[in-house]
Amino acid sequence: MKKLHLSIFALLVTTVLSAQQLEQVSFANASTLTSFGFIADRNVLIRISPEGKIMEWGIEVKADRAEYYAPQLQPYMGRVEYFTDDIDPAIKGKVKSIGTCNFTYYGSSEIASKAGKIRTIGYQAVDYFTNFDNAAQDGKIKLVGSTTFDYYSSFENEMFKGKLKSVANNAITYHSSFDDKLIRGRLKSIGSTNFQWYTSLDIGRSGLKSGSYRQRIGSITYILL
């Protein structure tokens with residue numbers, strides 16, 4: 001019986017921790033990073049900006065007969081709490097918890113570029129690049145838990161400087177200013193997964209030629225909006 005209780009406890013701990021891991025990375029126009037998505041309990045998706053602000057949360061809805069997800073999240077009807085007025089002004093009014101997922105924030109006494117930004121997502125610590133780093137990286141999320149992020153510096157090609165360069169061990173590449181005008185700045189590869197786009201030579205065709213707008217790579221889904 002004791003072993004059973006320990007097994008159940010271990011399962012619950014694992015479930016809680018895994019529920020706060022990075023689940024999604026979304027790009028606008030298959031080019032510009034828009035958000036990181038984390039799954040909380042009851043499949044609540046919490047989207048956070050590259051600069052560490054909660055953008056939205058809710059339930060992602062999939063079509064019954066197609067691999068299509070509604071762009072708008074279905075509202076979450078569970079408990080959501082906010083920090084009250086008597087807290088540090090950098091934290092005042094911010095989301096304190098969504099369901100069982102709690103948030104803490106950097107206070108006004110922190111480095112100015114971190115003040116008011118998320119410090120923890122559940123049990124996952126969040127850190128950021130600062131003004132001591134390259135200007136194109138300043139203020140962006142550097143790590144969440146054990147997952148690290150990197151961004152192209154301001155010295156890179158005009159089409160991808162400042163863009164997301166890697167997620168953990170997966171390098172991310174983009175088409176440069178030397179490529180066809182229709183695909184400049186668009187995603188070229190994530191890890192070992194390549195994306196091919198129709199170019200101006202493909203008369204009457206546009207968009208993704210091979211690959212998927214919603215691609216699962218490792219434990220993360222990359223969404224090319």
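Size of the chain along its principal axes in angstrom, Cα-based, largest extent first?
63, 46, 33 Å, listed from the longest principal axis down.
Where nothing but the Cβ of Lys and Arg (+1) and of Asp and Glu (-1) is charged, how large is the charge dipole of the range 2-224 around its Cα centre, in debye to the nearest 20?
Value, rounded to 20: 480 debye.
Going 7 Å from the Cα of Asn43 along its beta-carbon direction, which residues of the range 59-90 have the amide nitrogen within less than 17 Å of the resulting point?
59-78
Considering only Gly99, Gly116, Gly78, give the residue with the highest GNM mean-square fluctuation for the chain, with springs between Cα atoms whenever their separation is below 10 Å.
Looking only at Gly99, Gly116, Gly78, the biggest GNM fluctuation is shown by Gly78.
Mean separation of Cα pairs under 8 Å and 6+ residues apart, divided by the residue count of the range 90-146: what relative contact order is that in percent?
Reported relative contact order: 24 percent.
What residue among Asn131, Ser219, Ser146 has its Cα farthest toward the positive end of the dipole of the range 2-224, where the charges are +1 on Lys, Arg and -1 on Asp, Glu, each on the Cβ?
Of the options given, the answer is Ser219.
Expressed in whole Å with the largest first, what are the equivalent ellipsoid semi-axes of the range 96-149 derived from the C-alpha gyration tensor as the square root of 5 times each eigenvalue?
Equivalent ellipsoid semi-axes, largest first: 21, 14, 7 Å.
Residue-wise, which Karplus ³J(HN,Hα) couplings in Hz belong to the range 47-59, taking 6.51 cos²θ - 1.76 cosθ + 1.60, θ = phi - 60°, and x for glycine or proline?
Couplings: 9, 10, 5, x, 9, x, 10, 5, 9, 6, 8, x, 9 Hz.
Which aspartates and glutamates, if any, have their Cα less than 16 Å from the Cα of Lys140, not counting same-chain residues under 8 positions apart?
Glu51, Glu110, Asp127, Asp150
Of the cross-linked pairs Lys117/Lys163; Lys62/Lys161; Lys53/Lys188; Lys92/Lys142, which ones have a Cα-Cα span greater than 31 Å in the structure shown?
Numbers: Lys117/Lys163 20 Å; Lys62/Lys161 34 Å; Lys53/Lys188 27 Å; Lys92/Lys142 24 Å.
Pairs exceeding 31 Å: Lys62/Lys161.
From the helices alone, meaning DSSP H stretches of at least four residues, give me the mean residue ellipticity at 222 nm for the chain, per-run term -39500 (n - 2.57), in deg cm²/dmol to the nearest 500.
Computed ellipticity for the chain at 222 nm equals -2500 deg cm²/dmol.
Suppose a student asked you for the relative contact order of the range 39-107, using Cα pairs under 8 Å spaced at least 6 residues apart; what percent would you report?
23 percent.
³J(HN,Hα) across the range 29-39 via Karplus (A = 6.51, B = -1.76, C = 1.60, θ = phi - 60°), whole Hz, x for Gly/Pro?
Working through the residues one at a time gives 6, 6, 9, 9, 4, 10, 6, 10, x, 10, 9 Hz.
Taken together, the values in this text are just the output of simple stated rules run on the coordinates, not laboratory data. Everything numeric here is computed off the predicted structure, so don't read it as measured data. Cβ sites come from the backbone with ideal geometry, for glycine too, and all protein chains shown count toward neighbours.
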